[in-house]
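Structure record follows, encoded as structure tokens.
The values are calculated or read from the model by the stated rules, or taken from the named source; none is laboratory data. Every value quoted in this text rests on a predicted model; they were computed, and no experiment measured them. In this analysis, Cβ positions are derived from the backbone assuming ideal geometry, glycine residues included, and neighbour counts consider all displayed protein chains.
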Amino acid sequence: MTKGKELFSHRINNNICKVVLLIVLLLVFILLPRFGGNFLTHVVLEMFFLAFLGQAWNIFSGYCGELSFGHATFFGVGAYTSSILLMRYGISPWIGMLVGGCFSALLGIGIAYISLRYNVKGVFFALATLACAELMRLLSLTLKSLTNGAEGILIPFKGENFAMFSFGVNKKYIYYYIILGMFILCSLVAYKVKKSRLGYHLSAIKGNYDAAKMLGINTLKCQIIAMGISTFLTAMGGTFYAQYYQHFEPDVLFSANRSFEIIFPVILGGGGYIAGPLVGAIILQGFEIITRELIPSFMYGVPKIVYGLILVIMMMFIPGGVVSSVYKRVSNIRLKRKEAQEGR
Amino acid sequence: MALLTVNNIGKSFGGLKALDSLNIDVEEGKITGIIGPNGAGKTTLFNVITGFTQPTEGDVIFNGESLLNLKPHEISKRGLGRTFQIVKIFGNLNVVENVMVGALQYIHNLAGARDEAMNILEYLNLTRLKDYSGDALTVSARKQVELARALAARPKLLLLDEPAGGMTPNEVDGFLEQIRKIKARGVTLLVIEHVMKAIMGISDHIVVINYGRKIAEGTPQEVSTNKAVIRAYLGDD
Amino acid sequence: MSGDVVLVALINGILNGGVYSLTATGLTLVFGVMGISNFAHGSFLMIGMYITYWFAKLSGIDPYIGCVVAIVTTFCLGWFLQKYIVERMMYFTHYNQMLLFMGLSIILDNTALFLWPDYRQLKVWYQHLLIPFGSTSIELVRVFAFLIAIVITFGLYFFLQRTNLGKAMRATAQNTYAAKVVGINIRKINCVTFAVGVACAAGAGGVLTPFFPIYPSVGSLFLLTAYVVTCIGGMGNLMGAMAGGLIVGVGESLGALIIPGGQKAIVIYVLFLLLLVFKPKGLFKFAGYWHAH
């Protein structure tokens, strides 16, 4: 009876700790623009941007284990869709964001369906998605009448206008709150998916494809649903990018570099975990800021070398990412404690 | 009528005939064992039955319905479960979650699935393992969890592919106990096995396969004294 | 479009194809013997290019000699990487292996980017020598590149067929367990294989230097091309890589005549995607001398 109560209060304590931590973090991030200044706001904004895109990628690749190396495809489609609708037809980027999301979702579902139906998996899936992104890049360079080619699209600032997703460089904090909100939304979606039947199915697919099939899981359907959600959200990130930076071109949207930027925070933080993208984004953005200050501009490429090193070392020692190794250690401690209690 | 009928199944891979005119009936409620030398085509048979590969000839009838051209998950939904020769546990989930995935086939909410999973673990005496991560288990423990997981999916017929492989004699006894419990739940079993003590002990009916063909069948007693079977295992003298 | 132009495109396609074949041979060899997909293969081609370039520039010796230096150096580098890093990852999941190689290629590409962040072009006295052909002409350096690539590829083929080490590699490709049982030192085979594989890429890079621009991310272009070739020829199939390289070269060249804006890479990407879906195991029925893992 007493043992039961002990374990019970232990679990309550644990949950209360988690909730308190989340609330504290939330407060910190909400109050940040007020007390942090413009530069810090911009930095943390970029961090949440990375975390948002990473979380979107996480919902597909992190959960089911099929690595997409070409998520830049959907990022760019989102950016182009909302921007073309804005520049040509004056449609609000908020609506453009949803339209871009739908296009991307359809594209993503199509790519996922064709690949997974025809057994394009593992390395080949990664390469296929990479090829798609590259194809998009070349197409946007070629179809000049639609996309303005290599010049890219420039979104002129026409004054502050909420409906038109335009706030100007002096009001960065508004963009900050928007991306914070988007990240929270994305994480809620990720959480809902994870703690659902779909989430368990995706974990099963990641765990073992054949075994999952033999437990009644329609692997194709699960994966394309996850892909649709993931690509919709990624495209929303593209629209945000367009509105915040107000200029983009094919190389910046569809490059392999962009795809890597999307997935690296998640790999570092831990794929398949909701906290993974944020942890990874915090670490990477922190590193980025330090190096930006310390490393002179002629040492271009050095930070990336460090990223590569981190990736190699991680894969050899903690392939699951930071969050996974923390979880493993915590659950090991718990198990040992339980075993000791049971007098083993 | 038998629960599962393998009807004149043939499977060729290019020039190699892995299965040849196989006819097997699996009676409901009974344990049918499949034995045969290595490479006889036993796992191929399972792959054909469960939809991982399609036969070149013949048909598989389950519960009166043909399983031809169905995908594995559709076959699973019709009440067929399977474990694998190389145990396929979900290393990224803990034991309860592993079994929950099985339970989720019929129970669509997580809380219910968790309860069902805990029930199954308790039924098979595996509750002590519940919080262990799949990849932290020994092979023997993994096999047991795989069994629990398959059972949680409420199969009418469960196909076990060398479930006792690599087990110590003690573990084999424990395993036979699990099998009896599963049978007590009304699940029909079709088991491929090499460990003679295990298969001969629990089977009601045995089918012997060699080179993809059925060479004998009958009760364990009949089969162990069958000349063709002895020749297949020990070779001509 | 005159017949000459098409014919020259065809010939150039074959010439380019030889280089693609060599690149893909390295990739497919590593997959056939070791069962791993070297995602960083393109970066080794880039290394080969830079070594050749600097050797030629600093010493004034002909770059084709520099090519040999590049091959040997990359061989050693490959051996080192395999022994201390890749070997550990051999039995990990494909997810981890892919990311490991991605990390490797990022390190290599960005080191080059840091050291030499611009486009370079090697200048040799015979660079602009042309072989006249009807109304147009063919660059001599492309012919050299083709010939050397073919020689290396065939040399590799004979090495695998005739020498004991080659036979051991083929044995490991067919059945690693059995190879271990008969006493073949798998670790050493893996080292040799990986080293040879990346050396092929470096060799391909080396012969490209007289006419192809040299820049840090050149590897990624050839990586995808190499994968397309293996899709045509079949992963692990050496002769398939040879044939596939020529097919891709010709296809790209002819495609460039049709596609506006000269974005001939589009042909490669579309071809790749189509192949992945419809014929990922290669267009050729025979498995060749290798069995894919």
Just need a number here: residues in the stretch C:222-242 that are within 11 Å of chain A (Cβ to nearest Cβ) and not hydroxyl-bearing (S, T, Y). 6
Based on what the data block shows, is C:G42 surrounded by 18 or more Cβ atoms within 10 Å (Cβ to Cβ) and closer than 22 Å to C:S217 by Cα? yes
Within the stretch C:35-57, identify whether any single residue is farther than 24 Å from C:R170 by Cα, β-branched (V, I, T), assigned to a helix (DSSP H, G or I) and touching a Cys at 6+ places or on another chain (Cβ under 6 Å), and answer yes or no. yes
Among the residues of the stretch B:87-106, is any under 30 Å from B:T44 (Cβ atoms), at the interface with chain A (Cβ under 9 Å from one of its Cβ atoms) and acidic (D, E)? no
Please count how many residues of the stretch C:256-278 are in a helix (DSSP H, G or I), over 18 Å from C:A24 (Cβ atoms) and more than 8 Å from chain A (Cβ to nearest Cβ). 4
Whichever residue in the stretch A:96-128 is under 21 Å from A:G65 (Cβ atoms) and more than 10 Å from chain C (Cβ to nearest Cβ) and, among such residues, is surrounded by the fewest Cβ atoms within 10 Å (Cβ to Cβ): A:G110
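For (1) assigned to a helix (DSSP H, G or I); (2) surrounded by fewer than 24 Cβ atoms within 10 Å (Cβ to Cβ); (3) modelled with pLDDT of 95 or more, each residue gets a yes or a no:
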site: A:M227; (1), (2), (3): yes, no, yes
site: A:L233; (1), (2), (3): yes, no, yes
site: A:G237; (1), (2), (3): yes, no, yes
site: A:Q243; (1), (2), (3): yes, yes, no
site: A:E261; (1), (2), (3): yes, yes, no
site: A:G271; (1), (2), (3): no, no, no
site: A:Q285; (1), (2), (3): yes, yes, no
site: A:E288; (1), (2), (3): yes, yes, no
Before we move on, is B:K214 closer than 26 Å to B:G79 by Cα, modelled with pLDDT of 85 or more and in contact with a Phe, Trp or Tyr (Cβ under 8 Å, 6 or more places away or on another chain)? no
Those residues of the stretch C:112-127 which are more than 10 Å from chain A (Cβ to nearest Cβ) and free of Cβ contacts under 8 Å to residues at least 12 places away in the same chain amount to C:K123, C:W125
Which of the residues spanning the stretch C:171-189 are touching a helix residue (DSSP H, G or I) at 6+ places or on another chain (Cβ under 6 Å) and assigned to a helix (DSSP H, G or I)? C:A171, C:T172, C:A173, C:A179, C:K180, C:I186, C:I189
By residue number, the members of the stretch B:19-50 that are surrounded by fewer than 22 Cβ atoms within 10 Å (Cβ to Cβ) and assigned to a strand (DSSP E or B) are B:D20, B:S21, B:N23, B:I24, B:D25
Whether any residue in the stretch C:92-101 is facing chain A (nearest Cβ under 8 Å), in a loop (DSSP other than H, G, I, E, B) and hydrophobic (A, V, I, L, M, F, W, C) is what I want to check. yes
With respect to C:V192, determine if the residue is assigned to a helix (DSSP H, G or I), at pLDDT 90 or above, touching a helix residue (DSSP H, G or I) at 6+ places or on another chain (Cβ under 9 Å) and surrounded by fewer than 22 Cβ atoms within 10 Å (Cβ to Cβ). yes
Return yes or no: is C:K123 of a type in the set (D, E, K, R), modelled with pLDDT under 90 and not in a loop (DSSP other than H, G, I, E, B)? no
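This table checks each residue for (1) touching a Lys or Arg at 6+ places or on another chain (Cβ under 9 Å); (2) in contact (Cβ under 8 Å) with a residue 12 or more places away in the chain.
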position: C:F158; (1), (2): no, no
position: C:Y177; (1), (2): no, no
position: C:I189; (1), (2): no, yes
position: C:P210; (1), (2): yes, yes
position: C:Y215; (1), (2): yes, yes
Pairs only if they're at least six apart or on different chains, beta carbon under 6 angstrom, first in the stretch A:298-319 and more than 7 Å from every other protein chain (Cβ to nearest Cβ), second surrounded by 15 or more Cβ atoms within 10 Å (Cβ to Cβ); list them, first residue then second. A:I318/A:S325
It is to be established whether one or more residues within the stretch B:63-73 are more than 14 Å from every other protein chain (Cβ to nearest Cβ) and within 18 Å of the chain's Cα centre (by Cα). yes
What is the number of the single condition among (1) within 14 Å of chain B (Cβ to nearest Cβ); (2) surrounded by fewer than 20 Cβ atoms within 10 Å (Cβ to Cβ) that A:K172 does not meet? (1)
Using beta carbons and a limit of 7 Å, which pairs, at least six apart or on different chains, have the first residue in the stretch A:320-344 and surrounded by 11 or more Cβ atoms within 10 Å (Cβ to Cβ) and the second one among the acidic types (D, E) and in a loop (DSSP other than H, G, I, E, B)? A:L335/B:D131
What tally of residues in the stretch C:211-221 results from selecting those that are away from chain A (no Cβ under 13 Å) and either closer than 21 Å to C:M34 by Cβ or assigned to a loop (DSSP other than H, G, I, E, B) (or both)? 3
Please go through the stretch A:185-201 and give me each residue that is touching a residue at least 12 places away in the same chain (Cβ under 8 Å) and either closer than 15 Å to A:L26 by Cα or more than 14 Å from every other protein chain (Cβ to nearest Cβ) (or both), ordered by number. A:C186, A:S187, A:V189, A:A190
